[in-house]
1. I want to confirm something. Restricting to segment 274-316 and keeping residues that are part of a strand (DSSP E or B) and in contact with a Ser or Thr (Cβ under 9 Å, 6 or more places away or on another chain), which single residue is farthest from Val161 (Cα to Cα)?
2. (1) surrounded by 12 or more Cβ atoms within 10 Å (Cβ to Cβ); (2) over 23 Å from the mean Cα position of the chain (by Cα); (3) modelled with pLDDT of 95 or more: which one isn't true of Arg290, the others all being true?
3. Before we move on, is Gly327 out of contact with any helix residue (DSSP H, G or I) (no Cβ under 6 Å at 6 or more places or on another chain), in a loop (DSSP other than H, G, I, E, B), farther than 15 Å from Met375 by Cβ and in contact (Cβ under 8 Å) with a residue 40 or more places away in the chain?
4. Just give me the residues in segment 369-400 being among the charged types (D, E, K, R), surrounded by 12 or more Cβ atoms within 10 Å (Cβ to Cβ) and in contact (Cβ under 8 Å) with a residue 24 or more places away in the chain, in sequence order.
5. Checking the condition touching a Cys at 6+ places or on another chain (Cβ under 9 Å), among the small types (Gly, Ala, Ser) and touching a residue at least 24 places away in the same chain (Cβ under 8 Å), which residue from Ser153, Ser167 passes?
6. Can you tell me which of Thr77, Thr176, Thr142 is in the same structural domain as Ile244 (by TED's automatic domain parsing) and over 13 Å from the mean Cα position of the chain (by Cα)?
7. Helices (runs of 4 or more DSSP H) wholly in segment 158-273 with at least 3 residues that are surrounded by fewer than 20 Cβ atoms within 10 Å (Cβ to Cβ) - which ones?
8. Please pick out the residue among Gly71, Gly47 that is at positive phi and assigned by TED's automatic domain parsing to the domain that holds Asp98.
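The values are calculated or read from the model by the stated rules, or taken from the named source; none is laboratory data. What you see is a predicted model; the values in this text were computed from it and never measured. Neighbour counts are summed over all protein chains in view; Cβ atoms, including those assigned to glycine, are modelled from backbone coordinates with ideal geometry.
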Amino acid sequence: MARIQRKGDSILVRGRIFPDDLPRLCAELHRATGRKEDLNIALDFAGCTAVFQSAMLPLIPLIVHYRESHGISFDLTPPQDGELGRLFLNTNWAHHIDPQNHPPNRYPHGQVPALRFHGDGDDGQEAILERVLELILGTLDTSRDMLKAVEWSLGEIMDNVPMHAESPVGGFVQATAYAASNAVEFVVADAGIGIAASMKKEDDVEALREAITEGVTRDKERNAGNGLFGSYQVAALSGGEFEIRSNRGVLQRVAKDSLKTSRPLAPYRGTAVRCKIGLDKSGLLERALRFKGRPHDPPFDFVEREFESDSGDLVLQMSDKASLHFGSRKGGRHIRRVIRNLLRDRAAIILDFDGVGVFTSSFADEVFGRLFVSMGPRAFMTRIRMRNVDPTVEGLIDRAILQRTRLGSHEERGEDPRVVLPDDPR
C-alpha cells in the first residue's frame, strides 16, 4: 500500500500505488483544496515505486475538475525511478496533472495513453475507440469476433459518460495491450454524479450490483442500458477482470467466479470502470452478448468500416494504415500482425499501395519476407493480393522475399548463412 501524506499544500505519495489507495488519495486532494480557489498544490510522486493504471487514471478527471472549475493548479514531481518517471510521461498522466510543464505524448507504443473525450457528437470519442482497436489489431493475436466484443464493451462504457455521468470535465480513457497474456485492459473514468445517483438509488453497492444485471434497461427493445452487464459478461467469459468504483461503492471480479463488493471509508467522487478482456476465447461475442436469451451481433463494426470495400473485399490501404510504420522493423512487425489477424476470418486481403513510393528494407523484410516464409508461396500468392504497386516498392518486396527465403532454407539445413538482413540506419 502507498504511504500518502499531506503537508500544507503538498501531497507526498510513496511506495506502491494500488487501486485500493484511490480513496485515500481522493481524500487528501479534497482536504488540500478545501473550499479555497486559486491554490497551487504540489503532487510529489518522487518516492513512488510502482503504480497501476486503474489507480492513476481515475485521479485525472478529479484533478482536471479542480483546475478548470476552481482555478487550482498542480505542480507534479514525477517518480525518481527512471522507468516509472517515463511511464508518467508516456501515459499522459504527467500532462493531465501538470500541462504547463509536461506536453502530451504523441508517440505511444503498446498503449493508448490517457485521452479525454466529451461525447455529444464529439469525434474524439470515436477516434479514441478506433485507436484502441488499432492497438489490438497490431499488437495482439485476435479475430474479428474478439474485436467486436472489445469495440462494443468500450463503446458502451464510454457512452455512459455523456449520457449519464453529468461529468463537468467529460471522461478519460486509457488502454494497454499485454502481449504475454494476449489481453487488453482499458479504464474509463469521469468526475460525475456516480452510478447510484444516475440510477436514482440511495445505496452505492446495491446500484453497482444492479448495473451489471441484465434487464436494468432504459429501452428494452434496443437493449439500451445493458452496457455494463454486457461488458461484465465479456470480461468474465474471456477469463478477464472487471472493476467499478463509484462514490462509496466498489465491485470487483478479479478471479474465476469471484465477485466481491466493498464500501471504502472515503468516496471516489466519480465513476471509474476497469475492464480486462482476454482474446483467446473463440465465440466470445455470441456467448457474452446475449440479451433476453438472444445473441446480439453489433452491426457496422470496425473491420467493416475501416477495411471492407463497397464490393465486400478486404482492403488494407497502405498509405493510410501503414505509412507511420514504414521506417522500422518494429513497424513491420505491427503491420504483419494486422495482416495475419485480418486473414483469420477472410480468404484473402488486398494490399493497396496507391500513393506509396518507398519504405525501408527492414519493413519489407518483416512484412513480406516473413509472411512469404511462414505462409508458403502458394498461400502467400493466393491470399495476399497487391495492387497499385510502384516499381521501387515492388523491387523492395521481391528483394525481401528472396533474402528471407534464402535465409530460411539455410536455417532448415542447420547451416550458418553468414547473412545479416539489413536494418535501415535511421
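1. Result: Val315.
2. Here Arg290 meets the rest and fails (3).
3. yes
4. We begin by selecting, within segment 369-400, every residue among the charged types (D, E, K, R); these are 370, 378, 383, 385, 387, 390, 394, 398-399.
Okay, now just the ones that are also surrounded by 12 or more Cβ atoms within 10 Å (Cβ to Cβ), so 370, 383, 385, 390, 394, 398-399.
Those that are among the charged types (D, E, K, R), surrounded by 12 or more Cβ atoms within 10 Å (Cβ to Cβ) and in contact (Cβ under 8 Å) with a residue 24 or more places away in the chain: Arg370, Arg383, Arg385, Asp390, Arg399.
5. Values: Ser167 fails: touching a Cys at 6+ places or on another chain (Cβ under 9 Å).
Just a single option satisfies the conditions, and that option is Ser153.
6. Just one listed residue meets the conditions, Thr142.
7. Because the criterion is at least 3 residues that are surrounded by fewer than 20 Cβ atoms within 10 Å (Cβ to Cβ), the helices (runs of 4 or more DSSP H) in segment 158-273 that meet it are 204-211.
8. Gly71
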